[in-house]
Every structure is written in structure tokens, then in C-alpha cells.
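Worksheet for the structure shown next.
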Amino acid sequence: MTAVRAEHLYKVFGKKPGEVIRKLEAGADRSELTDLGTAAVIDVNFEVEEGEIFVVMGLSGSGKSTLIRMINGLWKATAGSVEVMGKNIAELDGKSLRDLRAKHVSMVFQHFALLPHRSVRENAAYALEIQGTPKAERLAKADEWLAKVGLDGWGDQLPGQLSGGMQQRVGLARALAAETDILLMDEAFSALDPLIRTEMQDQLIELQHDLKKT
Ligand SMILES: Nc1ncnc2c1ncn2[C@@H]1O[C@H](COP(=O)(O)OP(=O)(O)OP(=O)(O)O)[C@@H](O)[C@H]1O
Ligand SMILES: [Mg+2]
């Protein structure tokens with residue numbers, strides 16, 4: 001099955017998004033249209049199969065984060081469509097979109113986005129808390145995933161007591177604990193120093209042998 005499909009996907013910020021898209025389609029360059037709006041994503045088309053690792057590369061400001069936010073439905077596309085597990089996300093109401101996210105899509109952020117006053121264990125359990133998993137069960141699951149990402153025994157600490165690499169492992173444990181089949185990572189390791197980054201990439205590939213995530 002196709003896990004994610006983007007078709008003729010656009011995101012334009014600014015006053016006249018429709019006009020920007022018409023002019024882009026007529027062959028204008030985004031740099032000529034800055035008075036009308038910022039074209040962040042222009043006619044993106046791709047398909048990602050289940051279990052596939054799909055990488056989007058581009059310069060700073062080229063629209064990667066905007067694209068990823070449209071895939072998880074945080075932002076609405078200006079034009080075009082995104083399908084996640086066969087469902088056009090623009091056609092879902094609020095509840096169906098939340099359900100789809102809870103079941104299928106989790107996200108790891110560039111700057112960790114942990115809750116500073118909650119313990120590492122509670123942070124790792126956070127997605128499960130949102131899903132309504134009972135407390136004892138979600139904390140046990142959080143511990144399991146913390147161990148898998150190499151943070152056995154750190155559950156009682158606060159995020160601020162951990163190094164950057166360790167905090168990102170908490171972010172990863174939180175995303176993995178949700179047990180969704182799609183994992184979105186927006187430069188999740190770019191804030192880490194190169195040695196730690198390589199180590200974490202290798203570990204994720206290792207975990208992927210069992211997880212088989214998209
Ligand atoms: N909320 C917003 N309002 C207006 N313009 C925005 C908004 N968010 C992003 N943009 C613009 O959209 C374009 C793409 O930004 P985006 O953050 O998606 O790039 P990126 O590829 O993720 O960059 P980086 O590698 O630096 O993270 C940029 O020109 C940016 O200024
Ligand atoms: Mg970005």
C-alpha cells in the first residue's frame with residue numbers, strides 16, 4: 001500500500017495565494033511573486049510505499065518543514081492533495097484527522113519539543129497520554145521504548161538534566177511509543193554534533209530492521 005502520496009501540492013503564504021499559483025503554473029518564478037506571497041512548496045509530487053525510507057533534501061528555506069507539516073495535517077495545502085494511508089487528509093473532519101494521526105503518524109522535531117517540567121518517562125509517554133492510554137500502561141511502555149533508544153534508567157530525570165543527544169532520544173522514544181506506522185522526522189538529528197548524529201542514525205537503521213516503519 002502507498003503510505004503517503006502528494007499530488008500537485010502547493011503551499012503559498014501571503015495575501016494572494018491563488019494568484020501566485022496561477023502565475024507559477026503559467027511559468028513565473030517564485031522570486032518574481034514575492035509581493036503577492038511566499039511560495040514555500042511548489043507542485044510537489046511523490047509516493048512513499050509502506051516500509052520505505054523516503055528522504056527530502058533541499059537548502060534552508062526550500063520548504064521541507066512546510067511540506068512535512070502538510071503531511072501530518074498541521075497545515076492545510078493551498079492546492080493539491082495529500083493522502084495518508086489512502087485517505088485524503090483535506091476531506092477529514094477534526095476528529096478523523098486526530099484519529100488518523102494517533103494511529104498512523106508520529107513526528108520527531110528538530111528542537112526536541114519536550115515538556116521541561118515533566119520527567120523523561122512522562123515525556124516519552126506523552127503521545128500515549130494524548131491517545132488515552134491508561135497511566136500505568138503508558139508509563140510501562142515509555143520505559144520499554146526508553147530502554148530501546150538507550151536511555152534505560154533515565155526515566156525519573158527532567159529533560160534539562162540530559163544532553164542534547166539524550167533529549168533527542170527521548171523525542172524519538174515518544175514518537176516510537178505511539179506505535180504508528182509512519183514516522184515523520186524534520187531534520188531530527190541536525191541539532192546534534194556529527195558523531196552523535198551518525199551514531200543515532202545508525203541506531204535508527206538498526207531499530208528499523210524490526211520496526212519496518214515508513
Ligand atoms: N508561517 C509562515 N509564514 C510565512 N512564510 C513562511 C512561514 N513558514 C515558512 N515560511 C516560508 O516558507 C519558505 C519555506 O520554509 P521552510 O521552513 O518550509 O523551509 P525549510 O526547507 O524547512 O528550511 P530549513 O532547512 O531552514 O529548516 C521560507 O521562504 C519561509 O520563509
Ligand atoms: Mg525546516
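Read-outs throughout are calculated quantities, based only on the coordinates presented, and are distinct from any laboratory measurement. As the structure is a computational prediction, the values presented were derived from the model and not from experiment. When we count neighbours, we look across all protein chains shown, and the Cβ atoms used for this are built from the backbone with ideal geometry, even at glycine.
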Low-density loop positions, trypsin sites (Lys or Arg not before Pro), region 132-214 - DSSP coil, at most 14 other Cβ in 10 Å: LYS212
Other-chain or far-sequence residues with amide H under 5 Å of GLY14's (modelled H): THR38
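Only Cα pairs under 8 Å and at least 6 apart count here; give the relative contact order of region 2-91 as a rounded whole percent.
Values: 146 pairs, mean separation 39.5, N = 90.
With pairs under 8 Å counted, the relative contact order is 44 percent.
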Whole-number percent relative contact order across the chain, with pairs defined as alpha carbons under 8 Å at least 6 apart: 22 percent
GNM flexibility winner over the chain from VAL44, VAL108, VAL149 (Cα, springs under 10 Å): VAL44
Radius of gyration and Dmax over the Cα atoms of region 106-211, both given in Å: 12.6, 38
Calculated P(r) of the chain - Cα pairs past 23 Å, %: 51 percent
Debye, to nearest 20: dipole size of the chain, +1 on Lys, Arg Cβ, -1 on Asp, Glu Cβ: 700 debye
Value of [θ]222 nm, deg cm²/dmol, for the chain, DSSP H segments ≥ 4, -39500 (n - 2.57) each, nearest 500: -12000 deg cm²/dmol
Given charges at Cβ of Lys, Arg, Asp, Glu: region 59-178 dipole, positive-most of MET70, SER119, GLN131: MET70
Along each principal axis, Cα extent of region 2-91, largest first, Å: 41, 30, 23
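How would you order 81-92, 199-210 from highest to lowest mean count of nearby Cβ atoms within 10 Å?
81-92, 199-210
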Reach of LYS76 by Cα under 13 Å, taken over aspartates and glutamates that are not fewer than 8 positions away in the same chain: GLU91, ASP93
Fluctuation leader among GLU187, GLU122, GLU25 - the chain, Gaussian network, Cα springs under 10 angstrom: GLU25
Whole-Å semi-axes of region 119-165's equivalent ellipsoid (Cα gyration tensor): 18, 11, 8
